[in-house]
Amino acid sequence: MTSLASTIAAELHPIRHSSIPTKVGLALALAGLADWLFYGERIGLSLTLFAIALACVSVLFNHAALDQRRAVISAAVLAAGLVPAVEELNALSFLILTMALVIALLVATNPDANGLGERARALGNLVLLGPFRFLLDARQLFDMSAFTRGIALWLLPAALSTVFVALFAAANPVIEQWVALLNPKLILEYISIPRALFWIMMLALVWPFIHVRWRRKTVVTTDVADRPVPPPLPPAAPIVSAEFLGPSTILRSLILFNLLFAAQSILDGIYLWGHVALPANMTYAAYAHRGAYPLIATALLAAAFVLVAMRPGGAAEKSNVIRPLVYLWVGQNVLLVASSILRLDLYVDIYMLTYWRIAAFIWMGLVALGLILIVARIALDRPNRWLISANLIALMIVLYGCSLMNFDALIADYNVSHSREASGEGVQVDINYLLTLGPQALPAIDKAFMLRPGTPESCLVSRRDRLVEQQRQDLTWRSWGFRNWRLGRRLEAQAARQPAG
């Protein structure tokens, strides 16, 4: 377990020297804290609490520059500055607290400042120029290789996770309600121009305490100045292209995807398999109908990602961490397809069978088989040609089996036997739809006529008679087929039983 955790940590943190994204995140956190403490509120003890939080964050990022003596002095200066603000916050105590913060920062992080003049210039630069550095640094952040690398590593996982969440929201009303809470319109109701300007101002004020930079005197000696200028380094290779689909990106993606799919699987386990009551105004039929097809699209997208990420000979395919996560994710996709099949089965139980629903069952089975074959390709270390051949063989077997199936009779018999007239549940049999299925549906149509009370409508009877005539024409030697011959025998047997009944 320790080895696995260390391997994952090594994959997730290929570079450790940059803390810029963390600094930006904590700067935003401090701005949010200031919003909660100050915006629209009377200020008092809240300023002291904010100053303490700012000092703690500053120590977190600048502890390497501290030594014990300067740390003690800085803490004493800050404590002395806090006392008047705790006693009563007024203009003078506010000024003392502000000066205590900047002096404590200077003492703790700038040991090179010697003499009163240098320290005064350093404090002047911090107070006058510090608030403007956030905008300059924010522009330069995107030129930093570490920040660009971080964007590259998280761009694909975040984008695909957004797509999966959208598909899950289309398939699951509970997830849809969760996503609705993230409606930008609801967020914009709490945002105003003055509040946005307040956040920008707070970011500008706290940034110099987090990303500390002091001006250093440049001393150029004759020996250094006379040295030959070294040739410029060759330009670095683009980081984004190298990391966009590298092992670190794939690992991040798989971790996010497994968590998202686990949430969807848990909800399916609760509502589909556990039969827990659904949210208000949501029936099992609606839940099943809206869920089947988006989840199949999700499984297909997942399969495409696995094929691209686990390409033969790639670094990800050989990773001892990525391979188990791929197996787990594909397993969750197979479970997702099983849930889709159950959804469709629930829908068919209520709204009967059609050609498109049979095709959906077959398609879902092929998707599940394709996912299992992907795992087999990875586990057996086979090329993509093997995977394509295996899927084509499976497709040909399914198509050959479908050519032997009498779907017209299957649909008609199922719909009649599961109708309200025959079973007392479900919907009424749709004879108009049965008549569109052709002569193979005649036995089921006759059974539906018998189940319905009263005399059938003349238009339905005439359409049934046309199907009988079509079936008789199909028995001529030029159009003869074994299926039509069996249908004729079945109709003859059915007609022979009717007088006896």
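No lab work stands behind these numbers, since they all come straight from the coordinates. Since this is a predicted model, take the numbers as computed values, not measurements. Note: ideal-geometry Cβ built from the backbone for every residue, glycine included; neighbour counts use all protein chains shown.
How big is the Kirkwood radius of the stretch 306-380, worked out from every pair of different alpha carbons and given in Å to one decimal?
Hydrodynamic radius (Kirkwood, Cα only) of the stretch 306-380 equals 13.8 Å.
Using modelled amide H (1.01 Å from N, peptide plane; none on Pro or chain starts), what sits under 5 Å from the amide H of residue 353, excluding residues fewer than 5 places away?
Residues meeting the amide H criterion: 415.
Quick check: residue separation of residue 476 and residue 366 times 0.36 nm, minus the Cα distance between them. What number comes out in nm?
Between residue 476 and residue 366, full extension yields an extra 35.8 nm.
If all Cα-Cα distances of the stretch 408-500 are sorted into 5 Å bins from 0 onward, what percent lands in each bin, rounded to whole numbers?
Whole-percent P(r) values from 0 Å outward: 2, 13, 23, 24, 20, 10, 4, 1, 0.
Need the full-extension length gain, residue 132 to residue 393, defined as separation in residues times 0.36 nm minus the C-alpha distance. One decimal, nm.
87.4 nm
So how do 73-85, 457-469 stack up, highest first, on mean other-Cβ count within 10 Å? Intermediate values should be presented prior to the final figure.
Details: 73-85: 17.4, 457-469: 12.9.
Output ranking for 73-85, 457-469: 73-85, 457-469.
Run a plain Debye calculation on the stretch 314-458 (Cα atoms as equal point scatterers, no solvent) and give log10 I(q)/I(0) at q = 0.12 Å⁻¹, rounded to two decimals, same order as the q list.
-0.66
When ranked by the protection proxy of mean other Cβ atoms within 10 Å per residue, highest first, what sequence do the peptides 193-200, 29-36 form?
29-36, 193-200
Kindly identify the stretch 245-405 as rounded, prolate or oblate by the Cα gyration tensor criterion: order the square roots of the eigenvalues as a ≥ b ≥ c, call it rounded if a/c is under 1.5, otherwise compare a/b with b/c, prolate if a/b is larger, else oblate.
Note, shape of the stretch 245-405 comes out oblate.
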